[in-house]
Amino acid sequence: MKFSDLPRRAGVGFKPEHFPAINAEPQPIGFFEVHAENYMGAGGPPHAQLGKLRQDYALSIHGVGLSIGSVQPLDREHLSRLKIVCDRYEPESFSEHLAWSTHDRVFLNDLLPLPYTDQTLASVADHIDQVQETLKRQMLLENPATYLLFAESTLEETEFLTEVVRRTGCGLLLDINNVFVASTNHHMHPGDYLARFPVEAVSEIHLSGHSETVDDAGAPLLIDSHDTPVKDPVWALYAALIARIGPVATLIEWDNDVPAWSVLSAEAQAADEILKNTNKRRAA
Amino acid sequence: MSLCTQTRFAAALADPAVAVPPGLTAWNGLQPQRRFAVYRNNVVVGLTGAIASRFPAAQTIVGEAFFSAMAAEFIRVHPPRSPLLLSYGDDFADFVERFEPANDIAYLPDVIRLEAARGKAYHAADVAPLDAAKLAALPPERLADLVFVPHPSLSILRSPHPLVTIWAMNAGEAELRSIEDWTAEDAMVARPHMTVEVRRMPPGGAVFLQALASGERLATAVEHAIENASAFDLSANLAGALQTGAFIAFH
């Protein structure tokens with residue numbers, strides 16, 4: 001089995017509108033990440049661009065449609081398509097979400113939440129086994145941004161993820177914005193969540209922006225919108241975590257209201273500074 | 001999660017009239033109406049956005065509000081059956097044709113068909129188009145029996161409306177102006193290299209290419225084309241088809 005192996009540097013989510021700027025000169029970017037589903041066509045500009053990026057940079061392929069958190073069986077056709085994309089580009093890492101997005105074969109196009117129970121644990125672990133056996137590589141599982149809770153949950157999310165890792169040998173993609181969003185939404189302290197998180201399994205970190213609204217009672221409700229710079233409290237959690245566990249491949253995700261390349265690249269440089277400074281401190 | 005929990009969650013997502021399923025909570029113990037609404041909104045906005053990104057000219061024609069409402073109704077009746085959204089909406093034109101509020105805009109379904117063909121061409125397999133020199137090197141007596149292999153990106157559309165003109169004006173490819181000469185226009189869509197090309201077909205051209213693409217001999221395709229338009233010009237049409245990369249081989 002091939003293990004996830006991204007450089008311990010900052011990367012960005014690739015957007016086709018940035019291709020001319022990226023291609024114009026070498027970029028100080030550790031890796032690019034793409035959504036697998038955007039590269040499931042037979043050919044055309046998407047593959048031409050990704051093929052070129054792949055020559056020059058490390059690559060992370062991030063699935064958004066496999067529905068690993070569903071209690072129904074995985075879509076084998078979709079898993080085969082993922083295998084084709086992974087075989088074609090041989091990425092350093094493949095990741096997916098702790099969420100479901102398909103029910104009765106209808107694709108809902110959102111990362112939907114699941115209760116954390118022994119039953120869902122068994123089903124998620126089975127699905128991850130199936131993915132890792134098919135792709136012949138370790139996958140990373142990403143913690144979700146959630147807006148509500150299930151009365152039937154019997155496990156904490158961090159317990160659930162710890163047990164998934166123990167049963168399947170998968171790695172984790174720790175999305176710190178999701179931690180901040182979900183912790184705020186559930187009136188918990190993000191630092192407590194991170195203290196319980198099985199950080200030894202983390203092979204990649206995601207950072208992104210969120211927006212703010214309120215729930216029925218007027219309590220803060222944060223939305224994982226990926227449409228702004230990374231917010232200060234998320235940077236602070238990130239810096240503290242890196243100081244604790246050392247450098248980890250870190251992705252800036254910006255999917256909506258995508259800014260100019262220079263703005264996105266500057267966000268990545270800010271993350272890279274934190275990673276480099278940690279290296280220096282550790283060496284000293 | 002039992003299958004029942006997931007089924008109830010999915011049903012409530014699809015229909016805002018369905019109450020938030022039991023068993024969903026928030027830290028403050030309240031009914032999570034607005035929290036559940038975030039997921040409902042994500043589903044509709046995400047899928048509407050997927051449709052809008054495939055059909056920008058159609059959206060320009062009807063305006064954003066009308067388009068979103070029409071797309072939301074399409075999503076309700078024809079939800080995606082695959083996470084592969086690249087091809088979601090291939091049947092959107094057929095839906096719009098029967099969508100009563102859009103009936104006044106008779107050309108709208110054809111514009112959507114043209115945009116669907118562009119999307120198909122964009123993601124089609126990369127194959128080098130046929131080199132015209134190979135055809136020129138053949139002895140003339142062989143031409144009549146030639147059969148051509150269409151490029152995987154090729155689509156031919158026939159429309160009773162000035163389809164290419166309308167599409168171009170609403171896709172920012174041509175200036176908006178009133179159409180004085182409201183005539184039928186056929187279109188060819190192909191992507192010989194990295195750019196999708198849309199070309200207005202000369203008289204008989206669409207019938208000619210359709211015949212060739214379906215595997216008819218060149219001589220038979222010419223017969224069909226002349227039946228369709230007596231002014232059909234073989235050498236101009238063949239040169240045009242080769243230039244736009246309509247074919248990848250002949251035998």
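The values are calculated or read from the model by the stated rules, or taken from the named source; none is laboratory data. Keep in mind the model is a prediction, meaning the values are calculated, not measured. All Cβ positions, glycine included, derive from the backbone under ideal geometry; neighbour counts span all protein chains shown. Heavy atoms of the whole protein, side chains included, go into the accessibility calculation; ligands, DNA and RNA do not. Shrake-Rupley method; radii C 1.70, N 1.55, O 1.52, S 1.80 Å.
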Subject >> Search result, residues across the stretch A:131-150 that are under 18 Å from residue A:100 (Cα atoms) and open to solvent by 50 Å² or more (accessible area, probe 1.4 Å) >> reply: A:149
Original post:
Can you name every residue in the stretch A:201-215 that is surrounded by fewer than 16 Cβ atoms within 10 Å (Cβ to Cβ) and either in contact (Cβ under 8 Å) with a residue 40 or more places away in the chain or within 10 Å of another protein chain (Cβ to nearest Cβ) (or both)?
Top reply: A:213, A:214
Original post:
Can we say residue B:25 is without any contact (Cβ under 8 Å) to a residue 40 or more places away in the chain, facing another protein chain (nearest Cβ under 9 Å), open to solvent by 20 Å² or more (accessible area, probe 1.4 Å) and within 30 Å of residue A:40 (Cα to Cα)?
Top reply: no
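Given the structure, is residue A:75 open to solvent by 10 Å² or more (accessible area, probe 1.4 Å) and within 13 Å of chain B (Cβ to nearest Cβ)? It would help to see each step written out before you state the result.
On the way: open to solvent by 10 Å² or more (accessible area, probe 1.4 Å): yes; within 13 Å of chain B (Cβ to nearest Cβ): yes.
Against the criterion (open to solvent by 10 Å² or more (accessible area, probe 1.4 Å) and within 13 Å of chain B (Cβ to nearest Cβ)), residue A:75 qualifies.
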Subject >> Single residue of the stretch A:96-116 satisfying the filter (more than 9 Å from every other protein chain (Cβ to nearest Cβ) and within 23 Å of residue B:49 (Cβ to Cβ)) that is surrounded by the fewest Cβ atoms within 10 Å (Cβ to Cβ) >> reply: A:99
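Looking for something within 12 Å of chain B (Cβ to nearest Cβ), assigned to a strand (DSSP E or B) and surrounded by fewer than 21 Cβ atoms within 10 Å (Cβ to Cβ) - is there at least one such residue anywhere in the stretch A:47-56? First the steps, then the outcome.
In the first step, residues of the stretch A:47-56 are kept if they are within 12 Å of chain B (Cβ to nearest Cβ); the result is A:47-49, A:51-52.
When the remaining residues are screened for being assigned to a strand (DSSP E or B), the result is none.
No, the stretch A:47-56 has no match at all.
Listed residues B:87, B:82; which is without any contact (Cβ under 8 Å) to a residue 60 or more places away in the chain, under 10 Å from the mean Cα position of the chain (by Cα) and within 14 Å of chain A (Cβ to nearest Cβ)? Show your work before the answer.
Numbers: B:82 fails: under 10 Å from the mean Cα position of the chain (by Cα).
B:87 is the lone residue from the list that is without any contact (Cβ under 8 Å) to a residue 60 or more places away in the chain, under 10 Å from the mean Cα position of the chain (by Cα) and within 14 Å of chain A (Cβ to nearest Cβ).
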**OP:** Go through the residues of the stretch B:55-65 one by one and say whether even a single one is open to solvent by less than 70 Å² (accessible area, probe 1.4 Å), of a type outside the set (A, V, I, L, M) and at the interface with chain A (Cβ under 10 Å from one of its Cβ atoms).
**Re:** no
**OP:** Only residues that are part of a helix (DSSP H, G or I), under 16 Å from residue A:146 (Cα atoms) and at the interface with chain A (Cβ under 7 Å from one of its Cβ atoms): list them for the stretch B:28-50, please.
**Re:** B:33, B:34, B:35, B:36, B:38, B:39, B:42, B:43
Subject >> Flag if residue B:112 is outside the structural domain of residue B:211 (by TED's automatic domain parsing), of a type outside the set (Phe, Trp, Tyr) and open to solvent by less than 60 Å² (accessible area, probe 1.4 Å) >> reply: yes
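Given the criteria open to solvent by less than 10 Å² (accessible area, probe 1.4 Å) and more than 14 Å from every other protein chain (Cβ to nearest Cβ), does residue B:221 qualify? Break it down stepwise before answering.
Working: open to solvent by less than 10 Å² (accessible area, probe 1.4 Å): yes; more than 14 Å from every other protein chain (Cβ to nearest Cβ): yes.
So residue B:221 passes the test.
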**OP:** With respect to residue A:183, determine if the residue is within 22 Å of residue B:36 (Cβ to Cβ), assigned to a helix (DSSP H, G or I) and either touching a residue at least 24 places away in the same chain (Cβ under 8 Å) or in contact with a Pro (Cβ under 8 Å, 6 or more places away or on another chain) (or both).
**Re:** yes
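Can you tell me which residue in the stretch A:115-174 is farthest from residue B:5 (Cα to Cα), limited to those that are of a type in the set (Phe, Trp, Tyr) and not in a helix (DSSP H, G or I)? Quick ask: steps written out before the conclusion?
Filtering the stretch A:115-174 for residues of a type in the set (Phe, Trp, Tyr) gives A:116, A:147, A:150, A:160.
Going one step further and asking which of them are not in a helix (DSSP H, G or I), we end up with A:116, A:147, A:150.
On the way: A:116: 12, A:147: 16, A:150: 10 Å.
By that ranking, first place goes to A:147.
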Original post:
Can you find even one residue in the stretch A:177-191 that is surrounded by fewer than 21 Cβ atoms within 10 Å (Cβ to Cβ), β-branched (Val, Ile, Thr), under 27 Å from residue A:92 (Cβ atoms) and at pLDDT 95 or above?
Top reply: no
**OP:** Go through the residues of the stretch B:29-50 one by one and say whether even a single one is surrounded by 20 or more Cβ atoms within 10 Å (Cβ to Cβ), out of contact with any Gly (no Cβ under 7 Å at 6 or more places or on another chain) and touching a residue at least 40 places away in the same chain (Cβ under 8 Å).
**Re:** yes
**OP:** Out of the residues in the stretch B:117-131 that are open to solvent by less than 50 Å² (accessible area, probe 1.4 Å) and small (Gly, Ala, Ser), state the one that is nearest to the other protein chains (Cβ to nearest Cβ).
**Re:** B:125
Original post:
When you look at residue A:88, is it at pLDDT 95 or above, open to solvent by 40 Å² or more (accessible area, probe 1.4 Å) and either facing another protein chain (nearest Cβ under 10 Å) or within 28 Å of residue A:176 (Cα to Cα) (or both), yes or no?
Top reply: no
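Do the conditions hold for residue B:114, that is, is it in a helix (DSSP H, G or I) and within 14 Å of another protein chain (Cβ to nearest Cβ)? Show your work before the answer.
Numbers: in a helix (DSSP H, G or I): yes; within 14 Å of another protein chain (Cβ to nearest Cβ): no.
When the stated conditions are applied, residue B:114 does not pass them.
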Original post:
Taking residue B:71 and the conditions (1) at pLDDT 95 or above; (2) open to solvent by 50 Å² or more (accessible area, probe 1.4 Å), which numbered condition does it fall short on, given that it satisfies the others?
Top reply: (2)
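Starting from residues that are part of a helix (DSSP H, G or I) and closer than 26 Å to residue B:84 by Cα, keep the ones in the stretch B:117-156 and report whichever is nearest to the chain's Cα centre (by Cα). Give the derivation first.
At the first step, the residues of the stretch B:117-156 found to be part of a helix (DSSP H, G or I) are B:117-123, B:132-136, B:140-145.
Applying the additional criterion that residues be closer than 26 Å to residue B:84 by Cα yields B:117-123.
Working: B:117: 3, B:118: 6, B:119: 6, B:120: 7, B:121: 9, B:122: 10, B:123: 12 Å.
The selected residue is B:117.
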**OP:** Consider residue A:260 carefully, then state whether it is more than 26 Å from residue A:148 (Cβ to Cβ) and either open to solvent by 40 Å² or more (accessible area, probe 1.4 Å) or of a type outside the set (A, V, I, L, M, F, W, C) (or both).
**Re:** yes
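For the subset of the stretch A:57-84 comprising residues that are in a loop (DSSP other than H, G, I, E, B) and among the polar types (S, T, N, Q), which member is nearest to residue B:81 (Cα to Cα)?
Within the stretch A:57-84, the subset in a loop (DSSP other than H, G, I, E, B) is A:57, A:63-75.
From what's left, among the polar types (S, T, N, Q): A:67, A:70, A:72.
Working: A:67: 13, A:70: 15, A:72: 15 Å.
So, considering only residues that are in a loop (DSSP other than H, G, I, E, B) and among the polar types (S, T, N, Q), the one nearest to residue B:81 (Cα to Cα) is A:67.
Restricting the search to the stretch B:86-111, which residues are hydroxyl-bearing (Ser, Thr, Tyr) and part of a helix (DSSP H, G or I)?
First pass over the stretch B:86-111, keeping only residues hydroxyl-bearing (Ser, Thr, Tyr): B:87-88, B:107.
Matches in the stretch B:86-111: B:87 only.
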